[in-house]
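*Asks:* First the structure, then my questions, so here it is.
The values are calculated or read from the model by the stated rules, or taken from the named source; none is laboratory data. These figures come from a predicted structure and were not determined experimentally. Here Cβ is always computed from backbone atoms with ideal geometry, including for glycine, and neighbour counts include all displayed protein chains. For the accessible areas, the whole protein counts, side chains as well, though only heavy atoms, and no ligand, DNA or RNA atoms are used. Shrake-Rupley method; radii C 1.70, N 1.55, O 1.52, S 1.80 Å.
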Amino acid sequence: MAAADDLKFQEFDDAANLLAANPDATTISIDEPVEIPKNQHSRQQEPGREEDDELLGTDDSDKTELLAGQKKSAPFWTFEYYQTFFDVDTYQVLDRIKGSVFPVPGKNFVRLYIRSNPDLYGPFWICATLVFTIAVSGNLSNFFIHLGKPTYHYVPEFRKVSIAATTIYAYAWLVPLALWGFLMWRNSKVMNIVSYSFLEIVCVYGYSLFIYIPTAILWIIPQKVVRWVLVVFSLCLSGSVLVMTFWPAVRDDNRRIALATVGTILLLHALLAVGCLAYFFDAPELDFPAPIIPAHNGTTVTTKSH
């Protein structure tokens, strides 16, 4: 049997003395962790992987997506479920508005701004602000067009508020709903298609409408050329956000179906802008009745206004 002294804990000397006693011994340092060379991971990446990461996101965005899904696990009939959709700070909303006004080519708006925390706060208030901006600016535009005519009396048209609200909110909810259903249907046909949630699509459409708020204010200028230039400019900015967001979702589908989908998205977006301009701002010339001035001899004289 081993001696009692051999079973006791002993204080060893440093590694140099141990190696001198036993040169064939293997030493492991527990103070210094083993480092994996960085170039080993980079060699395993495919050539175009970095560009795909920039467009579709990285592993960090996928992790935040899973965490967001775990966060929104409350039942849909509870107040906490809908409270999470408005859990966003001012800096996030401003960053998303800036991203919708100044889109970066090749950047996916959902992956870059929305996927970590999709919200309804920004889209709701953007739509509400756009409704009142279009209604008020439309009334002011009608006032400036007929300003100076002696037979014109300004009457505010409050019905434009309800019409604008119905149009804007129907577009911001029904079009994303139809697009989400279409993408889900195509996702069952094409397995590698990129999918978006309904909340993400509503968020994209809501923030893409922000550019129309300053555009509607500038539509007060009674010059048709200026108005149409503003329509084209705002449509190019907001339309590019939609194209760069939804083109990756349909590009792996049939070529004709992909082009038809993107074309329909742009067509509906253009119809919204042109329809609002035509109805709320391009008011038709009203044929006001000429005033009747009674004469001294009992007859009436009708004056024609120019």
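*Asks:* Rounded, prolate or oblate for segment 71-158? Axes are the square roots of the Cα gyration tensor eigenvalues, ordered a ≥ b ≥ c, and the cut-off for rounded is a/c under 1.5.
*Replies:* It comes out oblate by the Cα gyration axes.
*Asks:* Can you put W125, W228 in order of accessible area, largest first, using a 1.4 Å probe?
*Replies:* Descending accessible area places them as W125, W228.
*Asks:* While we're here: Given K160/K224; K149/K224; K98/K189, which pairs have Cα atoms separated by over 31 Å?
*Replies:* Over 31 Å apart, Cα to Cα: K98/K189.
*Asks:* Starting with the highest mean, order 268-276, 99-107, 240-248 by the number of other Cβ atoms within 10 Å, averaged over the residues of each peptide.
*Replies:* Ranking the peptides 268-276, 99-107, 240-248 by packing returns 240-248, 268-276, 99-107.
*Asks:* Let me ask something else about it. Over the heavy atoms of C203, what accessible area does a 1.4 Å probe trace out, to the nearest 10 Å²?
*Replies:* Solvent-accessible area, nearest 10 Å²: 0 Å².
*Asks:* Next question, about the same structure. Under a point-charge model restricted to the Cβ atoms of Lys and Arg (+1) and Asp and Glu (-1), what is the dipole moment magnitude of segment 100-188 relative to its Cα centre, in debye to the nearest 20?
*Replies:* That gives segment 100-188 a dipole magnitude of about 200 debye.
*Asks:* Packing-wise, with mean Cβ within 10 Å as the measure, how do 167-176, 130-139, 85-94 rank, highest first?
*Replies:* Descending mean neighbour count gives 130-139, 167-176, 85-94.
*Asks:* Starting from the Cα gyration tensor of segment 163-274, take the square roots of the eigenvalues, sort them a ≥ b ≥ c, and report rounded, prolate or oblate (rounded when a/c is under 1.5, otherwise prolate if a/b is larger than b/c, else oblate).
*Replies:* prolate
*Asks:* Starting from the residue with the highest accessible area, list E80, E157, E200 in decreasing order, probe 1.4 Å.
*Replies:* The most accessible residue leads, giving E80, E157, E200.
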